[in-house]
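First the structure, in the form of structure tokens, and then the observations on it.
The values are calculated or read from the model by the stated rules, or taken from the named source; none is laboratory data. All values reported here derive from a predicted model rather than from experimental measurement. Glycine gets a Cβ as well: all are built from the backbone with ideal geometry, and neighbour counts include every protein chain shown. All accessible areas refer to the heavy atoms of the entire protein, side chains included, with ligands and DNA or RNA removed. Shrake-Rupley method; radii C 1.70, N 1.55, O 1.52, S 1.80 Å.
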Amino acid sequence: QVQLVQSGGGLVEAGGSLRLSCVASGRILSFNDAGWYRQAQGKERELVAVLERDGSTNYGDFVKGRFTISVDNAKNTVYLQMNSLKPEDTAVYYCNAEVKIGADGATWWGWGQGTQVTVSS
């Protein structure tokens, strides 16, 4: 049974930084791809960052070079480093990932539980 467990959210002042972590628990071989999304109160969930299986990355237009997604397969962890945070970055952040769980190519896909990020002005 695989789960994605998030940590690292919290309250930070505008201009500050946070690093979100998303650990895949259970027996996994590697990440195929992974992403971070966010949902602000009263708004739809939106893409923050995605890391494709070929290593390429894509970011939401609002990121503008402030965030970085990365994967550490040795630690079964996906990270989102967020710098120069703004009050409008306040939201619940969710990770999702497709992970390889079997040598036969079997995969698992799911979401983390979400973590609150609040940026004060």
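Just a few scattered comments:
- In segment 47-121, the trypsin sites (Lys or Arg not before Pro) that fall in loop regions by DSSP, at most 13 other Cβ within 10 Å: 53, 64
- Charged-residue dipole, Cβ positions (Lys, Arg, Asp, Glu), segment 1-79 about Cα centre, Debye nearest 20: 180 debye
- Cross-link partners of residue 100 among aspartates and glutamates, defined as those whose alpha carbon lies under 17 angstrom from its own and excluding same-chain residues fewer than eight positions apart: 33, 52, 54, 72.
- Site pair residue 66 and residue 1 shows an inter-label distance of 3.8 nm when each label is modelled 7 Å from Cα along Cα→Cβ.
- Measuring only protein heavy atoms, the 1.4 Å probe finds residue 52 accessible over about 70 Å².
- Using 0.36 nm per residue and subtracting the Cα-Cα separation, the extra length available between residue 17 and residue 30 on full extension is 1.9 nm.
- Per-residue SASA entry for residue 115, accessible area with 1.4 Å probe, Å² rounded to 10: 20 Å²
- The chain - percent of accessible surface contributed by carbon and sulfur, probe 1.4 Å: 45 percent
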